[in-house]
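A.B. asks: Before we start, here is the structure in question, set down as C-alpha cells.
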Amino acid sequence: MAEPLDRYDAELTTPDMVILELEAKDKADAATQLAKRLHAAGRISDLDGFLKHVNAREHQLATGLPGGIGLPHARSEFVSRTSIAVGITKYGHALDFGAADGPATVILLIATPASSFSDHLEVLATLARSLSKESFRESLRRAYDPDMIAELINSSLVFFDH
C-alpha cells in the first residue's frame with residue numbers, strides 16, 4: 001500500500017536521489033539514471049516497469065518547462081511513496097525535454113503511486129509554481145550540494161505560497 005503524502009514530512013527526495021554533473025545521451029537515459037536512484041532508495045519496486053510508465057508519459061506530451069527544466073513523471077503501481085530524483089547536468093550539457101525555450105539543465109523525475117492521483121497533481125503543480133521562479137531554479141543549479149538540493153525540493157512543498 002502506498003504511503004499517503006504529508007506535505008510537512010514528505011521527504012520527497014534525499015541526497016542519495018540527487019545526481020550532480022549528470023551526463024546523459026538523451027532524456028530517456030537521464031530518466032533511467034534517476035530512476036535507478038529511486039530504485040536503490042527503495043522507492044520503486046520494478047525499475048523497468050516504472051521506466052515504461054515514464055516513457056509512455058513522455059510520448060503523450062513534452063515535459064520540458066521554461067527556464068531549462070525537465071520534469072519527467074509517472075504514476076505507477078511500482079512506486080511505494082511519492083518521490084523525486086534530481087539531476088543537475090554537467091556544465092555544457094543539456095537535454096531536450098521539448099520546452100519551447102530550449103533544453104534542460106535541471107531534471108526532476110517525479111514518481112507517484114498509481115493510487116495517488118491528487119498527490120501527483122499537488123506535487124506537480126507545487127513544483128511547477130516553484131520552478132517558475134528564476135531564483136528557485138538558480139538556487140538548484142548553484143547549490144552544488146546534494147543535501148542542499150534535497151532541502152530545497154522538500155521545502156518547496158511546505159513553504160510555497162499556496
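A.B. asks: Out of all the residues in segment 142-150, is one or more assigned to a strand (DSSP E or B) and hydrophobic (A, V, I, L, M, F, W, C)?
C.D. replies: Among the residues of segment 142-150, not one is assigned to a strand (DSSP E or B) and hydrophobic (A, V, I, L, M, F, W, C), which makes the answer no.
A.B. asks: What's the total number of residues in segment 127-157 that are exposed (fewer than 12 other Cβ atoms within 10 Å of the Cβ), under 18 Å from T14 (Cα atoms) and touching a residue at least 24 places away in the same chain (Cβ under 8 Å)?
C.D. replies: Residues meeting the conditions: 2.
A.B. asks: Still on this structure, please answer the following. So, S80, is that one under 16 Å from the mean Cα position of the chain (by Cα), open to solvent by 40 Å² or more (accessible area, probe 1.4 Å), under 27 Å from L47 (Cβ atoms) and not charged (D, E, K, R) or not?
C.D. replies: The answer is yes for S80.
A.B. asks: If we keep just the residues of segment 88-101 that are more than 21 Å from R37 (Cβ to Cβ) and among the aliphatic types (A, V, I, L, M), which is most open to solvent (accessible area, probe 1.4 Å)?
C.D. replies: Top of the filtered list is A100.
A.B. asks: Then there's this: Can you go through A111, A104, A85 and tell me which one is touching a Gly at 6+ places or on another chain (Cβ under 9 Å), surrounded by 14 or more Cβ atoms within 10 Å (Cβ to Cβ) and closer than 22 Å to R137 by Cβ?
C.D. replies: A104
A.B. asks: Still on this structure, please answer the following. Here is a list of conditions, (1) within 23 Å of G42 (Cβ to Cβ); (2) in a helix (DSSP H, G or I); (3) at pLDDT 90 or above; (4) open to solvent by 10 Å² or more (accessible area, probe 1.4 Å), and L124 meets all of them except one; can you say which number that is?
C.D. replies: Against the list (1) within 23 Å of G42 (Cβ to Cβ); (2) in a helix (DSSP H, G or I); (3) at pLDDT 90 or above; (4) open to solvent by 10 Å² or more (accessible area, probe 1.4 Å), L124 comes up short only on (3).
The values are calculated or read from the model by the stated rules, or taken from the named source; none is laboratory data. Computed from a predicted structure; not experimentally measured. Reconstructed Cβ throughout: ideal geometry from the backbone, glycine too, with neighbour counts over all protein chains shown. Areas reflect the complete protein model, heavy atoms only, side chains present, ligands, DNA and RNA absent. Shrake-Rupley method; radii C 1.70, N 1.55, O 1.52, S 1.80 Å.
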